[in-house]
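The values are calculated or read from the model by the stated rules, or taken from the named source; none is laboratory data. Just so it is clear, the model here is predicted, and its values are computed rather than measured. Counting neighbours? That spans all protein chains shown, and the Cβs are built from the backbone with ideal geometry, glycine included.
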Amino acid sequence: MTHDQFLRLSERWFRLLLRTYPADFRDEMGAGIVEAYCGRARVTLKRNGVMSLAWLWCSALADALRNGCGERLRPAVSWRRRGDWGRDFEFARRRLLRSRAFVAATLGTLAVGLGAFAVVYTAVEKVLVAPMPYHEPDNLYFVWRDQSASGGLSRNTLAGPDVADLQHARDVIEDAVGMQLSVPTLSVRRDGEPLQTLMLLTSPQLFDLVGVAPILGRGFAAHEVGPDRPAVVVLSYAIWKRLGGDPSIVGSQVWLSESPYTVIGVMGPDFRFVRHSNLGPPQEPDVYLPFPFHLADQHPLNPNLTTFAALVRVRSGTSPERVAAAVDAVARVVNERTPQAAPAKLYATRLQDDLVAPVRPALMTLGLAAVVLILVLTVNLSSLLLARAAERDREFAVSRALGANGSAVVRATVIEGGVLGLIGGVAGALLGSWGARLLVELAPLDLPRRNEIALEWSAAAVVISVGLALGVIAAVIPAVWALRASLASLLATSVRGAGGSQRLRRGIVVAQVALTLILLSAGGLVARSFERLLAVDPGFRPAGLLTFRVAMDPRLFPKREDAFAFQDRVEAALGALPGVRSVGATAALPLSSSGPQNSIWGWQEAVAIPGAPGNIGDAQRDSLVAQIIAARAGYAESMGLRLLAGRTFERRRSETVQEAVIDEQLASRFFPTGTPIGAAIPFRGKSLRIVGVVKQPRLSALHEDGRPQLFIRAEDWVGFMPVWVIKTDEDPHALVPAVRRAIRQIDPRIPVSSVQTMEEIVDDALRQPRISAVLIGGFALGALLLVAMGLFGMISGSVVRRHGELAVRLALGASHQRTLRLVVGEGALLVVIGMVIAIPGVYAAGGLIRGLLVNVSPWDPITLSAVACGLVLVTMAACYVPARRVLRIDPAPLLRQE
Amino acid sequence: MRDAYTHMGTDRDRIEQYLPLRPVEFHILLSLAAGERHGYGIIQDIEARDDSAVPDVGTMYRALARMVDSGLIGAVRSTDPGDERRNVYRITERGLRVAKAEARRLYALTRAARVGGLLEKKAT
């Protein structure tokens, strides 16, 4: 190669390196830089030969990389150093004030979207993430007994001695307490009006274990437990306030179910003892009492006494695996002690995980939906800002021609986006604080830590930061677009309109369609699942049912006959009330399985029916753990249980024959062929005769069968019926005063509490799915609206931009219809691309929300196709409406003008 | 910082806000003080003055762009036929004053270094 060839090659290399610089710098300085390098190349080649020319090439590359990148970053750097924030914000303010409609629409969208995000963020943060108000809550574990192998609960409570074994383990387990709920009455004076309260019976070291001390008085001392313990009680803050809030209450006496107790302490308002649902209904205990017995003395074998929830604290820093190993070791001790029982399987779950497990799928789904919504919002804002930047590209071109540098353009867009995002974030935080309150109102009563949900400053700060980040990120795409066009190209395109921005907007629409389809499919599935839930048959008829609790303290009715007599009088009095059709009483109300009535008067017990045709001969598998529910005659009729065979309990009762009604689950398990009517079930040393079969009234969840149920006649077995049910043709609420009057007339010491209609109970069971459905549905519809707006804007812009081209097509003979199809087709293509891109997302989203769905497959073809059709319809409408402007194009004037 | 604002507006401060200059900027002003040049001319000048201080081409052109922005030098398209794409640079009044101020600053520092014994005393 000759020197000339080397020099020409060098020049091409130097020109190539120029690409590292930004366009405007290149326009201005490129020729000079190439000339300078060519000059050097000539000198080098002449003096030192080809090898040093290669060296020059390399150093030119290094130079270009360093200075090219430096020059590209210069706007940001110099603005940071010397930028005039005040002036930039003033300009942004003026620009935004000039287009109020745009600002109002954008802020409205942002506020609603970020408000929804705030609510979901708060709920997720409070319920799933925030630590509980205990000392080192991560070291607190519940220990449960897994009885699923023998058909029992997978999360069953422990026997007293098992808890004592946990207390003695002392390896990584520092301490353990047992807990049990009860519902005594409380009065300040012996003859005072009784309040029904919820009492937590526990080991004396409960407060030390969770690491919270009373605000008044003291907690229990270690010796205050067992049959000889002093009669001491600790009150909750709420009940203390209800009793007058007098600090001198410490040391005074209160009456719990007619027995005197000394108040030794009052817990603080922040001490929310969050219980697991196995422990009781969703309310805080009012009074805390140490056990009147020793856990170790409890009967280890009787399965009906395994009613202690166990809470343990492990040594700080213990891994969950070591906790599991320690609990396994205790299980071995338990099994050695009681070798004849089926081996116990114990396991530990972290307090917080255990508590939030039922709502985790719903909250995770909502959280993901909120994140997708934020993405859609970002993309939407980006598209709006891009449209504004595109409108202003002439202004940009002129201002840059007048000497404004690229950074001014970037600043203009980014500050605009940031200001919008910031204001939107503030508005969203405000909306969110109302929304959080609304959520607490709507939330199911058993949402863990429901009363702690409120928007706090930290959450508001997060929402505002998300808003700001969203605004800035959304502004980056349009800003980069506005910057990368060089002066010359900007001037050139401004003649034809913004070609580049249209390409970007198309990309944004595709992204919006994809995100929206994901949200819509999740929303559709959740809504469909909710619809299925509304349609399920709960096994009873809730209409016109009033339920309430009449707590009968055993101390008031020392003899069973007294209790029965009281109940007969209550039944007669209630039945005589005007409008009452029937009266019944039960130990366990449907959909209230977590109530204390179950831990006290309703229980689970293994049931076997020797000689039943369904038996397979294996003693272990031929016994089924069933929910034993005591009920009075009239309960089945009042509750509207569906009788499948035989009859229900009759008022007339035989003293010699104990009757039972079983549910279809027991019937089909033991009597796949033949009738169960008349068969005998051995039960507690006696024999139950099956008189009827009913469809199972759902005890815990509306949508799934629970444990099989065995109804026994209350009068045969237990004296205390806690829950009464009245069937009326009128408004059940109207009966409440008459009911209270009637009970007071019979015995003024007996309080009536938990007055609820059955419809309210059903409604409460539907709250969580309803919230999920409403929120996700709302998110999805919001996203749909945004994508429709995006498409509408893009197609109208396209029609305006292509006005000339379309006019020429029409002039050349294309029909209006065909041209219309052309324009709509542009949008349709984007929608189709977006939907195809979304398929993996839809698939993944289906998998994520699986836990939330009832009777609906996460990839339910009908729902998904309905959602896809809906999206296509809405988006096509959003394309068609602006595209109709094509019909008004008259080619003649344009052709004359051209 | 506050002082800088309270004094802002006086001519002297406007000059001083450019100081200290980077070596490449000082060299550019030094070259242009002798008369107008195009970019490559400036590089050749610098090479002729002090071989070790020659900046990268990119560095110098970026400095030129910034100095045009800040008004220390001016740029005009070359009037030579066939050479219209090249810029020719000339020093402005302000640029000259900044260059002199920088030279004085450097001189003062050098003198101080001598008094302090960092540099050898100049043989008189």
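Criterion first (surrounded by 17 or more Cβ atoms within 10 Å (Cβ to Cβ) and assigned to a helix (DSSP H, G or I)) does A:L781 satisfy it?
So A:L781 fails the test.
Can you report the number of residues in the range A:612-638 which are aliphatic (A, V, I, L, M), outside any strand (DSSP E or B) and modelled with pLDDT under 85?
Going through the range A:612-638 one residue at a time, the tally reaches 3.
Checking A:H135 against (1) assigned to a loop (DSSP other than H, G, I, E, B); (2) modelled with pLDDT of 70 or more; (3) under 29 Å from A:I750 (Cβ atoms), only one condition comes out false. Which one?
Looking at each condition in turn, A:H135 falls short on (3).
Within the range A:679-695, can you find the residues that are within 19 Å of A:S623 (Cα to Cα) and out of contact with any Ser or Thr (no Cβ under 6 Å at 6 or more places or on another chain)?
Scanning the range A:679-695 gives A:A679, A:I681, A:P682, A:F683, A:R684, A:G685, A:K686, A:S687, A:L688, A:R689, A:I690, A:V693.
Quick one: A:V800 ticks every box in (1) of a type in the set (A, V, I, L, M, F, W, C); (2) in contact with a strand residue (DSSP E or B) (Cβ under 9 Å, 6 or more places away or on another chain); (3) modelled with pLDDT under 85 bar one, so which box is it?
A:V800 satisfies all of (1) of a type in the set (A, V, I, L, M, F, W, C); (2) in contact with a strand residue (DSSP E or B) (Cβ under 9 Å, 6 or more places away or on another chain); (3) modelled with pLDDT under 85 except (2).
Search the range B:79-94 for residues being buried (at least 17 other Cβ atoms within 10 Å of the Cβ) and more than 9 Å from chain A (Cβ to nearest Cβ), and hand back the single one that is modelled with the lowest pLDDT.
That would be B:V88.
Among the residues of the range A:810-862, what is the count of those that are at pLDDT below 90, under 25 Å from A:A511 (Cα atoms) and touching a Ser or Thr at 6+ places or on another chain (Cβ under 8 Å)?
Qualifying residue count, the range A:810-862: 7.
Name the residue that is surrounded by the most Cβ atoms within 10 Å (Cβ to Cβ), counting only residues in the range A:8-18 that are away from chain B (no Cβ under 11 Å) and touching a helix residue (DSSP H, G or I) at 6+ places or on another chain (Cβ under 8 Å).
Looking at the filtered set, the residue picked out is A:S10.
Tell me the strands (runs of 3 or more DSSP E) entirely within the range A:639-711 that contain at least 3 residues that are more than 29 Å from A:S529 (Cα to Cα).
It comes to A:658-663, A:680-683, A:686-694.
Tell me which residues, restricted to the range A:735-763, are free of Cβ contacts under 8 Å to residues at least 12 places away in the same chain and either closer than 25 Å to A:L256 by Cβ or among the charged types (D, E, K, R) (or both).
Those that are free of Cβ contacts under 8 Å to residues at least 12 places away in the same chain and either closer than 25 Å to A:L256 by Cβ or among the charged types (D, E, K, R) (or both): A:R741, A:R744, A:P748, A:E760, A:D763.
For A:F142, only one of the following conditions fails: (1) of a type outside the set (V, I, T); (2) part of a helix (DSSP H, G or I); (3) in contact with a Ser or Thr (Cβ under 9 Å, 6 or more places away or on another chain); (4) at pLDDT 85 or above. What is its number?
With respect to (1) of a type outside the set (V, I, T); (2) part of a helix (DSSP H, G or I); (3) in contact with a Ser or Thr (Cβ under 9 Å, 6 or more places away or on another chain); (4) at pLDDT 85 or above, A:F142 is out only on (2).
Since A:A844 meets every condition but one in (1) within 50 Å of the chain's Cα centre (by Cα); (2) under 24 Å from A:G790 (Cα atoms), which condition does it not meet?
Looking at each condition in turn, A:A844 falls short on (2).
Yes/no per residue for (1) part of a strand (DSSP E or B); (2) within 30 Å of A:C38 (Cβ to Cβ); (3) modelled with pLDDT of 90 or more:
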{"position": "B:D3", "(1), (2), (3)": "no, no, no"}
{"position": "B:M8", "(1), (2), (3)": "no, no, no"}
{"position": "B:I15", "(1), (2), (3)": "no, no, no"}
{"position": "B:Y18", "(1), (2), (3)": "no, no, no"}
{"position": "B:E25", "(1), (2), (3)": "no, yes, yes"}
{"position": "B:I28", "(1), (2), (3)": "no, yes, yes"}
{"position": "B:Y40", "(1), (2), (3)": "no, yes, no"}
{"position": "B:I43", "(1), (2), (3)": "no, yes, no"}
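For the range B:54-69, which positions are over 20 Å from A:A41 (Cα atoms) and at the interface with chain A (Cβ under 9 Å from one of its Cβ atoms)?
Within the range B:54-69, B:R62, B:L64, B:A65, B:R66, B:V68, B:D69 meet the criteria.
Name, by its number, the condition in (1) within 14 Å of chain A (Cβ to nearest Cβ); (2) modelled with pLDDT of 90 or more that does not hold for B:D51.
Against the list (1) within 14 Å of chain A (Cβ to nearest Cβ); (2) modelled with pLDDT of 90 or more, B:D51 comes up short only on (2).
Residues are listed down the side, and each one gets a yes or a no for (1) modelled with pLDDT of 85 or more; (2) outside any loop (DSSP other than H, G, I, E, B); (3) crowded, with 18+ Cβ neighbours inside 10 Å:
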site: A:D165; (1), (2), (3): yes, yes, yes
site: A:D171; (1), (2), (3): no, no, no
site: A:A176; (1), (2), (3): yes, yes, yes
site: A:L181; (1), (2), (3): no, yes, yes
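Does the range B:116-124 contain any residue that is at pLDDT 90 or above and surrounded by 10 or more Cβ atoms within 10 Å (Cβ to Cβ)?
The answer is no, given that none of the residues of the range B:116-124 is at pLDDT 90 or above and surrounded by 10 or more Cβ atoms within 10 Å (Cβ to Cβ).
Residues in the range A:819-838: is at least one of a type in the set (D, E) and surrounded by fewer than 16 Cβ atoms within 10 Å (Cβ to Cβ)?
Checked against the condition, which is being of a type in the set (D, E) and surrounded by fewer than 16 Cβ atoms within 10 Å (Cβ to Cβ), the range A:819-838 yields no hits at all.
Which of the numbered conditions does B:A101 fail, given that it passes all the others? Conditions: (1) within 12 Å of chain A (Cβ to nearest Cβ); (2) modelled with pLDDT of 85 or more.
(1)
Can you list the strands (runs of 3 or more DSSP E) found entirely within the range A:215-268 that contain at least 1 residues being surrounded by fewer than 19 Cβ atoms within 10 Å (Cβ to Cβ) and over 39 Å from the mean Cα position of the chain (by Cα)?
Where strands (runs of 3 or more DSSP E) fall fully within the range A:215-268 and carry at least 1 residues being surrounded by fewer than 19 Cβ atoms within 10 Å (Cβ to Cβ) and over 39 Å from the mean Cα position of the chain (by Cα), they are A:253-256, A:259-266.
Could you please let me know if B:A75 is over 18 Å from A:Y37 (Cβ atoms) and away from chain A (no Cβ under 14 Å)?
The answer is no for B:A75.
In the range A:103-132, what count of residues is obtained for those that are at pLDDT below 80 and hydrophobic (A, V, I, L, M, F, W, C)?
Total meeting the criteria: 8.
Confirm whether A:G68 is at the interface with another protein chain (Cβ under 9 Å from one of its Cβ atoms), in contact with a strand residue (DSSP E or B) (Cβ under 9 Å, 6 or more places away or on another chain) and surrounded by 19 or more Cβ atoms within 10 Å (Cβ to Cβ).
Judged against the criteria, A:G68 is not a match.
For the range A:545-598, enumerate the residues that are surrounded by fewer than 19 Cβ atoms within 10 Å (Cβ to Cβ), within 15 Å of A:R744 (Cβ to Cβ) and modelled with pLDDT under 80.
A:L556
Considering only residues that are touching a helix residue (DSSP H, G or I) at 6+ places or on another chain (Cβ under 7 Å) and farther than 19 Å from A:M29 by Cα, look in the range B:29-44 and name the one that is farthest from the other protein chains (Cβ to nearest Cβ).
Only one residue tops the list, namely B:A33.
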